[in-house]
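Computed from the coordinates by the stated procedures, all read-outs in this text should not be read as laboratory data. Just so we're clear, the structure is a prediction, and the values are computed from it rather than from any experiment. Every residue, glycine as well, gets a Cβ built from its backbone with ideal geometry; the counts of neighbours run over all protein chains shown.
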Amino acid sequence: MQSLRDVSKGIAVGSGIAFSVIAGGFIGYKLGQTVDLGPVGLIVGLLLGLVAALRGVIKAFSEESES
């Protein structure tokens, strides 16, 4: 059962990262469009989305190792 739990956690982590990066890119692009810098906003949004997702992953795994 441990293996199945690890697989489901891996899927959840991967989905969370993908969602954060896509959402960050979309929000960054839309904000960038307001000042005619859509591509710059897209890049910044993607990077910030990735950073936020990785922070969430680190937090999730550090809480798991503490318990």
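Checking ILE17, ILE22 one by one, the residue that is surrounded by 15 or more Cβ atoms within 10 Å (Cβ to Cβ) and in a helix (DSSP H, G or I) is ILE17 and no other.
For the criterion of being β-branched (Val, Ile, Thr), more than 15 Å from ALA60 (Cβ to Cβ) and surrounded by 14 or more Cβ atoms within 10 Å (Cβ to Cβ), VAL44 passes. Of the residues ASP36, ASP6, the single one that is free of Cβ contacts under 8 Å to residues at least 60 places away in the same chain and not in a helix (DSSP H, G or I) is ASP36. Restricting the range 39-61 to residues that are out of contact with any helix residue (DSSP H, G or I) (no Cβ under 7 Å at 6 or more places or on another chain) and β-branched (Val, Ile, Thr), which is farthest from ILE22 (Cα to Cα)? Checked the range 39-61; the qualifying residue farthest from ILE22 (Cα to Cα) is ILE58. Residue check: is GLY56 in contact with a Lys or Arg (Cβ under 9 Å, 6 or more places away or on another chain) and part of a helix (DSSP H, G or I)? In short, no.
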